[in-house]
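Structure first, commentary second.
The values are calculated or read from the model by the stated rules, or taken from the named source; none is laboratory data. Since the model is a prediction, treat every value here as computed from it, not as a measurement. Cβ: placed from backbone, ideal geometry, glycine included. Neighbour counts: every protein chain shown. Side chains included, ligands, DNA and RNA excluded: accessible areas come from the protein's heavy atoms. Shrake-Rupley method; radii C 1.70, N 1.55, O 1.52, S 1.80 Å.
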Amino acid sequence: MSALKILVIPGSLRTGSLNARLAAAAAYEFAQAGAEVSRISLADFPLPIYDGDLQTKSGVPKNAVNLKRMIGAHHGVLIVTPEYNGSVPPLVKNTIDWLTRVHDAHETRGQVFRDRAFAIAAASESRLGGARSLASLRLILSACHAMVIPNQFALSFAGEAYDDMDRLKHSADIEALGAMVRQLIDVSQRMM
Ligand SMILES: Cc1cc2nc3c(=O)[nH]c(=O)nc-3n(C[C@H](O)[C@H](O)[C@H](O)COP(=O)(O)O)c2cc1C
């Protein structure tokens, strides 16, 4: 069997992003568990705000096609999203919206979402840790027919959660992240 490939996508471009740091911590755990991990930045896949006229005129941007194909080259995907006003930031929603417009000839619509497992995580300085953003993201991905695993991770008080290596410091956080990582690996393996 080929190595299990996991893609980690942080939903923030901000320097020092708490979510990018959580993505780094998760990528480390996936690697420790034996998965082949790719951690990307959405800065490498810039996309305009979705506009149907733009799609009609110019088609789906190459960056959306490339990102969709990168997802398609992995068995499992972790999206780590900030929470903006109780929901996902525009960067995350807009990226998913464009991904749903990509249609590769040999695939049915939405196949890239249906054929692999997704996990979701969030980091916030608040007590809720971005849990409302996770509820929104789960709903959005479910609308795309994605298989979103039950375990998720909302990291509370994220400003104080990491060490200098961007690993989690507190045992409860380490345990919750580990449970999500193990479940994504397990479900992804079963869907291979
Ligand atoms: C427009 C905006 C809205 C926000 N709304 C929330 C919110 O609803 N809940 C929350 O926990 N944090 C909220 N925050 C704070 C973000 O969680 C915080 O800025 C976080 O560090 C952003 O993620 P990042 O560090 O990965 O960029 C908001 C921040 C911005 C800029």
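Between the alpha-carbon centres of the stretch 1-35 and the stretch 64-86 there is a gap of 11 Å. Listed values for the stretch 113-127 are Karplus-derived 3J(HN,Hα) couplings in whole Hz (6.51 cos²θ - 1.76 cosθ + 1.60, θ = phi - 60°), namely 7, 6, 8, 9, 8, 10, 10, 10, 8, 8, 9, 8, 6, 7, 5, and x replaces Gly and Pro. Counting only heavy atoms of the protein chains and using a 1.4 Å probe, Thr108 has close to 80 Å² of accessible surface.
With all pairs of different C-alpha atoms in the average, the Kirkwood value for the hydrodynamic radius of the chain is 16.7 Å. Computed about the Cα centre, the dipole magnitude for the chain is approximately 440 debye when only Lys and Arg (+1) and Asp and Glu (-1) carry charge, each at its Cβ. For the chain, the membrane-span-like helices by this rule, meaning whole DSSP H stretches whose C-alpha atoms cover at least 24 Å of axis and whose Kyte-Doolittle mean is 0.0 or above, are 171-191; this says nothing about an actual membrane. Across the chain, Cα pairs under 8 Å and at least six residues apart give a relative contact order of 24 percent.
Would the stretch 26-136 count as rounded, prolate or oblate if I go by the C-alpha gyration tensor, calling it rounded below 1.5 in a/c and otherwise prolate when a/b exceeds b/c, oblate otherwise? The shape class here is oblate. Close amide H pairs (under 5 Å, H built 1.01 Å from N) link Val37 with Ile6, residues at least 5 positions away or on another chain.
Okay, which of the stretch 101-128 sit inside 12 Å, backbone N to the point 7 Å along the Cα-Cβ direction of Thr15? Residues passing the 12 Å test: none. Using a 1.4 Å probe on the protein heavy atoms, what percent of the accessible area of the chain belongs to carbon and sulfur? Carbon plus sulfur share of accessible area: 51 percent.
Using the Karplus relation 6.51 cos²θ - 1.76 cosθ + 1.60 with θ = phi - 60°, the per-residue 3J(HN,Hα) values for the stretch 73-85 come to 8, 10, 8, x, 9, 10, 10, 10, 10, x, 10, 10, 6 Hz, with x marking Gly and Pro. Shape analysis of the stretch 64-111 yields a ratio of the Cα radius of gyration to the Kirkwood radius, Rg/Rh, of 1.02.
Using Cα-Cα distances under 8 Å and only pairs 6 or more residues apart, what relative contact order does the stretch 84-137 have, in percent? Reported as a whole number, the value is 53 percent. Using bins of 10 Å that start at zero, the share of Cα-Cα pairs per bin across the stretch 108-192 amounts to 18, 42, 29, 10, 1, in whole %. Placing Met192, Met180 in order of accessible area, with the largest value first and a 1.4 Å probe, yields Met192, Met180. Taking a straight line from the alpha carbon of Lys169, these lysines sit under 29 Å away, with near neighbours fewer than eight places off in the same chain left out: Lys5. The mean accessible area for residues of the stretch 59-188, using a 1.4 Å probe and ignoring ligands and nucleic acids, is 46 Å² per residue. Among the trypsin sites (Lys or Arg not before Pro) within the stretch 61-125, not one is in coil by DSSP while having at most 10 neighbouring Cβ atoms inside 10 Å. Backbone phi angles across the stretch 147-162, fed through the Karplus curve with coefficients 6.51, -1.76 and 1.60 (θ = phi - 60°), yield HN-Hα couplings of 8, 9, 5, x, 5, 9, 9, 10, 8, 7, 6, 5, x, 10, 8, 10 Hz in residue order; Gly and Pro are listed as x.
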